[in-house]
Amino acid sequence: MPIHIPAPTRVEAAGNKPKLIDEYVGRVNSDTAAVSIAHMRSPGGWTEPAQTPDFDEYTVVLKGALHVGHRDGTLVVRAGEAVIARAGEWVQYSTPGEEGAEYLAVCLPAFSPDSVHREG
């Protein structure tokens, strides 16, 4: 039988400013280890510690621009665009623009604090 998820769970975010993370599917909200799906809203000037996660992360930007730092530079992912960060890649997400960003993130397997491997 399909599982109805009536609402997300707000989870704590890392970074220098408050960021909203609403997990719809994942370890917290649906006890799902295979995948996580979260709606993110980060303010302008937000940055999080760099990470080398054990999961692939697929991100679709809905509003604003998400900056994705990597070993060779930085990608700027704008509304209507997407980015894929593969497991084992060093990445650092930020929203330095005044508008911040709103985006959906899908992690395979699901995000967990133990598998993200943040620096600092």
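Consider Ala14 carefully, then state whether it is small (Gly, Ala, Ser) and in contact with a Ser or Thr (Cβ under 9 Å, 6 or more places away or on another chain).
Here the answer is no, as Ala14 does not meet what is asked.
So which of Gly97, Gly120 is at pLDDT below 95, under 19 Å from Ala13 (Cβ atoms) and outside any strand (DSSP E or B)?
Step by step, each of Gly97, Gly120 is checked, and only Gly120 is at pLDDT below 95, under 19 Å from Ala13 (Cβ atoms) and outside any strand (DSSP E or B).
Can you tell me which residues in region 55-92 are out of contact with any Ser or Thr (no Cβ under 8 Å at 6 or more places or on another chain), hydrophobic (A, V, I, L, M, F, W, C) and not in a strand (DSSP E or B)?
Passing the criteria: Ala79, Ala87.
This table checks each residue for (1) within 21 Å of Pro8 (Cβ to Cβ); (2) open to solvent by less than 70 Å² (accessible area, probe 1.4 Å); (3) not acidic (Asp, Glu).
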{"site": "Pro43", "(1), (2), (3)": "yes, yes, yes"}
{"site": "Thr47", "(1), (2), (3)": "no, yes, yes"}
{"site": "Gln51", "(1), (2), (3)": "no, yes, yes"}
{"site": "Thr59", "(1), (2), (3)": "yes, yes, yes"}
{"site": "Asp72", "(1), (2), (3)": "no, no, no"}
{"site": "Val76", "(1), (2), (3)": "no, yes, yes"}
{"site": "Arg86", "(1), (2), (3)": "no, no, yes"}
{"site": "Cys107", "(1), (2), (3)": "yes, yes, yes"}
{"site": "Phe111", "(1), (2), (3)": "yes, yes, yes"}
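Assuming Asp22 fulfils every condition listed in (1) touching a residue at least 60 places away in the same chain (Cβ under 8 Å); (2) in a strand (DSSP E or B) apart from one, which condition is it?
With respect to (1) touching a residue at least 60 places away in the same chain (Cβ under 8 Å); (2) in a strand (DSSP E or B), Asp22 is out only on (1).
Restricting attention to region 58-96, which residues are in contact with a Lys or Arg (Cβ under 7 Å, 6 or more places away or on another chain) and under 20 Å from Asn16 (Cα atoms)?
Ala65, Trp90
Quick test of your reading of the structure: Glu23 fulfils all but one of (1) in contact with a Cys (Cβ under 8 Å, 6 or more places away or on another chain); (2) buried (at least 18 other Cβ atoms within 10 Å of the Cβ); (3) not basic (Lys, Arg). Name the failing condition by number.
(1)
The values are calculated or read from the model by the stated rules, or taken from the named source; none is laboratory data. Note that the structure is predicted; figures quoted are calculated from it, not measured. Neighbour counts are summed over all protein chains in view; Cβ atoms, including those assigned to glycine, are modelled from backbone coordinates with ideal geometry. These area figures cover heavy atoms from the full protein model, side chains too; ligands, DNA and RNA do not enter into them. Shrake-Rupley method; radii C 1.70, N 1.55, O 1.52, S 1.80 Å.
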